[in-house]
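Notes follow the structure.
Every number in this text was worked out from the coordinates using simple rules, so none of it is lab data. Values in this document were obtained by computation on a predicted structure and should not be read as measured data. Cβ placement follows ideal geometry from the backbone for every residue including glycine, while neighbour counts extend to all protein chains displayed.
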Amino acid sequence: MGRKVLVLVFVASLVFSMCSFASAADKVISLKFANYFPPTHMNGVMMGKFCEELNKRLAGKVEITYLVGGTLLKAPQTAAGIADGIADIGLAHCGYSRGRFPVTEVMELPLGLPSGWVGTHVANDLWEKFKPKEWDAYHPLMFATCGPNILQTLKKPVTKLSQLKGLKLRGTGRVGDLIKALGATPMPVEMVDLYESLRRGVIDGTYNPLETLKGFKLGEVEKYATASWKVGNAYTFYVAMNKKKWDSLPEDAQKTIDDFSKEFIERWAVEWNTIDIEGREWFLKQGGQILELSDSEHEKWVKAAAPVVDAYKADLVSKGFQASDVDAMLKFVKARLQYWTAQEKARKIPTAYKY
């Protein structure tokens, strides 16, 4: 009788162990995705779709909880928050953490970026080509840029470079360097505070893409936009994951996430153009004016902006980069800008500007 009891105990223990193992194996891995954009903005909506569709593909093995509107991390906290594991995945742009991603900040230079679609593809090419070490604490999933930042003002129409003197304009990161080179004063105001800063007259305008006129309702208070896209630079957005968390995922989950992220880039790129077009049309319907620069005036802006590129190169060299490597990277980016601009025309992708 005692022997039978021992056998039963052994069998029961074995069954319990097998059930516990199966339960652990079937346990869903939970990930937190932080996004500071409001849920109604394109970047709020698109990343919601990204998480929803990716969750379906992960088939219950990994579940992403989407935390939008800065509920987990505000924009300036996102880069550090991902690296520290507060968020497993996050979206922000490099301008909010200047110096943390110096190579990727190249897209913030006034290189004549014409659209978000073009910039998004160039930014992803940059990552694939150089894989800069600044991302070692992360696993980047995809990059994007907004449309070209242009001058937007409350009260003063600007069609000449000399008219920027004395203006206080919102601009963070290296975009602020361009504002300064053009003769205005950069103000590092966070997007969530921008509308109120404009309404109260704390600043005179912004250096932002057209989409913000509608997406953040800046066109309700700003009256003029100067189409200065020939010195076009952009904020470089990223969706990146904490590297340690990434390394802990099963290989099949990693492949699913990487594959879907690559698919999603084109959809995101198209949306950047779409919201710039929508921002332009919405602004005009509000009574706003879009001012064009003459060719000769644009040349003055381009000339004034040139030292920003030189300063960027000097900054990277001071950080230990070889001057020849920086030159090669700049040459690569300019070449890809030309390539993707030609592709945009060939594929007849709608754009906010004629070029």
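Listing for the model above:
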{"item": "Lys131 versus Lys285: modelled label distance in nm, points set 7 Å from Cα along the beta carbon direction", "result": "4.7 nm"}
{"item": "Answer label for semi-axes √(5λ) of the Cα gyration tensor in Å (calculated), chosen among (1) 36, 20, 18; (2) 32, 22, 21; (3) 45, 22, 18", "result": "(3)"}
{"item": "Per-peptide average of other Cβ atoms within 10 Å, ordering 152-158, 77-83, 60-66 highest first", "result": "77-83, 152-158, 60-66"}
{"item": "Extended-chain gain in nm, criterion 0.36 nm per residue less alpha-carbon gap, Glu196 and Ala59", "result": "45.0 nm"}
{"item": "Considering only the chain, percent of DSSP beta bridges that pair antiparallel, nearest 5", "result": "55 percent"}
{"item": "Euclidean distance of C-alpha centroids, segment 41-76 and segment 293-313, integer Å", "result": "39 Å"}
{"item": "Relative packing of 140-149, 96-105, which averages over residues the other C-beta atoms within 10 Å, highest first", "result": "140-149, 96-105"}
{"item": "Highest average packing first - 48-55, 116-123, Cβ atoms within 10 Å", "result": "116-123, 48-55"}
{"item": "Kyte-Doolittle mean at least 0.5 and Cα axial length at least 15 Å: DSSP H helices in the chain", "result": "2-26"}
{"item": "For segment 141-270: Kirkwood Rh in Å [reciprocal of mean 1/r, alpha carbons]", "result": "16.4 Å"}
{"item": "Most fluctuating residue given options Lys345, Lys168, Lys223, as computed from a GNM of the chain linking Cα atoms under 10 Å", "result": "Lys345"}
{"item": "Cα centroid separation, segment 170-227 to segment 104-160 (Å)", "result": "17 Å"}
{"item": "Bridge type composition, segment 130-258 - antiparallel percent by DSSP, nearest 5", "result": "75 percent"}
